[in-house]
1. Between residue 106 and residue 66, what is the label-point separation in nm under the 7 Å Cα-to-beta-carbon projection?
2. Report, largest value first, the span of the C-alpha coordinates of the stretch 11-114 along each principal axis, in whole Å.
3. Give the peptides 54-62, 68-76 in descending order of average Cβ contacts within 10 Å, highest first.
4. What FRET efficiency comes out for the pair residue 117/residue 33, r = Cβ-Cβ distance, R0 = 25 Å, nearest 0.05?
5. Shape verdict for the stretch 32-78, please, from the Cα gyration tensor: rounded (a/c under 1.5), prolate (a/b greater than b/c) or oblate.
6. Quick one: what are the phi-derived ³J(HN,Hα) couplings along the stretch 46-53, Karplus 6.51/-1.76/1.60 with θ = phi - 60°, whole Hz, x for glycine and proline?
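Read-outs: derived from the displayed coordinates by stated rules, not from any lab. Quick caveat, the model's predicted, so the values are computed rather than measured. Every residue, glycine as well, gets a Cβ built from its backbone with ideal geometry; the counts of neighbours run over all protein chains shown.
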Amino acid sequence: MCGRTESRSWPFCTARGAGRSNLGTAYAALGRRADAERLFREAIELRPNHARAHFNLAALVVKDGRAEEALGELRRALESDPDFAEAHDALGRLLLLRGERQAAAFHLRAAARLNPSLGKPGESGDSQ
């Protein structure tokens, strides 16, 4: 019912996309990475502009060493929600690791502007 030919703005499709993303998050926490990835991808298929699903998929694939794919997912998350502070933060950190300092600085500044607690010890999951 929420396939490629149906309107993705239909409320049922939107709810199903969010549900799959939430279930994917639970599976990821349980270490069921393949199931989590499948659910994040299904959520995106149902609702391509689901910023959180793109962000969650990026967080999952970067842990598998798939940085290029993570970069793409983070960029898609920000296309869907330009004010998504955590996506700016994650993209900035990933770009910094790649040596892309100017682009990284842009995203890290955006993250700090949108959510000043990001980057502070204990606020974004950092241990420092």
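1. In this crude label model, residue 66 to residue 106 measures out at 2.6 nm.
2. For the stretch 11-114, the Cα spread along each principal axis is 39, 29, 18 Å.
3. Descending mean neighbour count gives 54-62, 68-76.
4. Efficiency at R0 = 25 Å is approximately 0.35.
5. Oblate, since a/c reaches 1.5 and b/c is not below a/b.
6. Taking θ as phi minus 60°, the curve returns 5, 9, x, 9, 7, 4, 5, 5 Hz for the stretch 46-53.
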